[in-house]
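A.B. asks: First the structure, then my questions, so here it is.
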């Protein structure tokens, strides 16, 4: 069994409390807080049978490694994760085959090329969870890994969205294409925009870091490049905002919008 890790913040701890309370070793909370949000949180933790430990702000900051803990820190066991992208896609394919065609969910994957800011990664994971993406992929080099900051910003999505860091991103994109997943990258230079492409089928949406965009090899590996229309003075969107625009357009199309 892997060593316990720390989660902090109401959202991150609250999602674990909701989805896997048995994995929580103990919860530390700021006993001096008497507001409604803290009372509700403590009530839910007590109802779930979680061990509660009173602590002051300094101790919580040391446990969390951050002063942004909001008065809540949890020591948790790692959840069972899908071990590989292949395993995830095979499980999804098997699940779809067991359903009638109208109920099947084509793969929807977010690929991040060069996103190194943990706050951006956390926000992207939160968006991916909200839009129903099946996974987020990033290269092992030039990318942020999952840490406490990412988990805090993701508001629980770091626990629910599989995040795969791969050695060779271009090779992984080619493997997705071999599985009939259409790989669509975003680029300001694209001749078509996001709203002109069909996102209802199996698709991987590839976004680069803000400013630099995708690396050249990543862009060449994509099946198609699209742009996000920009009507104002700014030239680009933050990568987490761009991810939301792309993923929710895919969700809109899949829902028949």
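A.B. asks: Would you say residue 54 is touching a strand residue (DSSP E or B) at 6+ places or on another chain (Cβ under 7 Å), more than 22 Å from residue 3 (Cβ to Cβ) and modelled with pLDDT of 95 or more? Steps first, answer last, please.
C.D. replies: Numbers: touching a strand residue (DSSP E or B) at 6+ places or on another chain (Cβ under 7 Å): yes; more than 22 Å from residue 3 (Cβ to Cβ): yes; modelled with pLDDT of 95 or more: yes.
Spelling it out, residue 54 is indeed touching a strand residue (DSSP E or B) at 6+ places or on another chain (Cβ under 7 Å), more than 22 Å from residue 3 (Cβ to Cβ) and modelled with pLDDT of 95 or more.
A.B. asks: Being surrounded by fewer than 18 Cβ atoms within 10 Å (Cβ to Cβ) and either touching a helix residue (DSSP H, G or I) at 6+ places or on another chain (Cβ under 6 Å) or farther than 23 Å from residue 216 by Cα (or both) is the requirement here; does residue 94 meet it?
C.D. replies: Judged against the criteria, residue 94 is a match.
A.B. asks: Mind checking which residues of the range 18-38 are within 19 Å of residue 68 (Cα to Cα) and assigned to a helix (DSSP H, G or I)?
C.D. replies: Scanning the range 18-38 gives 36, 37, 38.
A.B. asks: Tell me the residue from 158, 143 that is assigned by TED's automatic domain parsing to the domain that holds residue 245 and over 10 Å from the mean Cα position of the chain (by Cα), please.
C.D. replies: On the way: 158 fails: over 10 Å from the mean Cα position of the chain (by Cα).
None of the others qualify; the one that does is 143.
A.B. asks: Any residue in the range 238-254 that's in the same structural domain as residue 201 (by TED's automatic domain parsing) and free of Cβ contacts under 8 Å to residues at least 60 places away in the same chain: show its pairings with residues that are buried (at least 24 other Cβ atoms within 10 Å of the Cβ) and not in a loop (DSSP other than H, G, I, E, B) at Cβ separation under 7 Å, as long as the two are six or more apart or on different chains.
C.D. replies: From residues that are in the same structural domain as residue 201 (by TED's automatic domain parsing) and free of Cβ contacts under 8 Å to residues at least 60 places away in the same chain, the pairs are 242/186; 242/207.
A.B. asks: One residue is enough: does the range 51-65 have a residue meeting the conditions under 28 Å from residue 174 (Cα atoms) and either in contact (Cβ under 8 Å) with a residue 24 or more places away in the chain or surrounded by 18 or more Cβ atoms within 10 Å (Cβ to Cβ) (or both)?
C.D. replies: Within the range 51-65, the subset under 28 Å from residue 174 (Cα atoms) is none.
Checked against the condition, which is being under 28 Å from residue 174 (Cα atoms) and either in contact (Cβ under 8 Å) with a residue 24 or more places away in the chain or surrounded by 18 or more Cβ atoms within 10 Å (Cβ to Cβ) (or both), the range 51-65 yields no hits at all.
A.B. asks: Scanning the range 189-210 for residues that are over 21 Å from the mean Cα position of the chain (by Cα) and part of a loop (DSSP other than H, G, I, E, B), which turns out nearest to residue 90 (Cα to Cα)?
C.D. replies: Filtering first and then ranking leaves 198.
A.B. asks: I would also like to ask the following. Is it the case that residue 220 is surrounded by fewer than 20 Cβ atoms within 10 Å (Cβ to Cβ), assigned by TED's automatic domain parsing to the domain that holds residue 113, outside any loop (DSSP other than H, G, I, E, B) and in contact with a strand residue (DSSP E or B) (Cβ under 7 Å, 6 or more places away or on another chain)?
C.D. replies: Values: surrounded by fewer than 20 Cβ atoms within 10 Å (Cβ to Cβ): yes; assigned by TED's automatic domain parsing to the domain that holds residue 113: yes; outside any loop (DSSP other than H, G, I, E, B): yes; in contact with a strand residue (DSSP E or B) (Cβ under 7 Å, 6 or more places away or on another chain): no.
Criteria not met by residue 220.
So that you can scan it fast, the table gives a plain yes or no per residue for (1) surrounded by fewer than 21 Cβ atoms within 10 Å (Cβ to Cβ); (2) without any contact (Cβ under 8 Å) to a residue 40 or more places away in the chain:
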position: 116; (1), (2): yes, no
position: 120; (1), (2): no, no
position: 129; (1), (2): yes, yes
position: 137; (1), (2): no, no
position: 143; (1), (2): yes, yes
position: 146; (1), (2): yes, yes
position: 158; (1), (2): no, no
position: 162; (1), (2): yes, no
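The values are calculated or read from the model by the stated rules, or taken from the named source; none is laboratory data. Since we're looking at a predicted model, the values are computed, not measured. Using ideal geometry, Cβ is built from the backbone for each residue, glycine included, and neighbour counts are taken over all protein chains shown.
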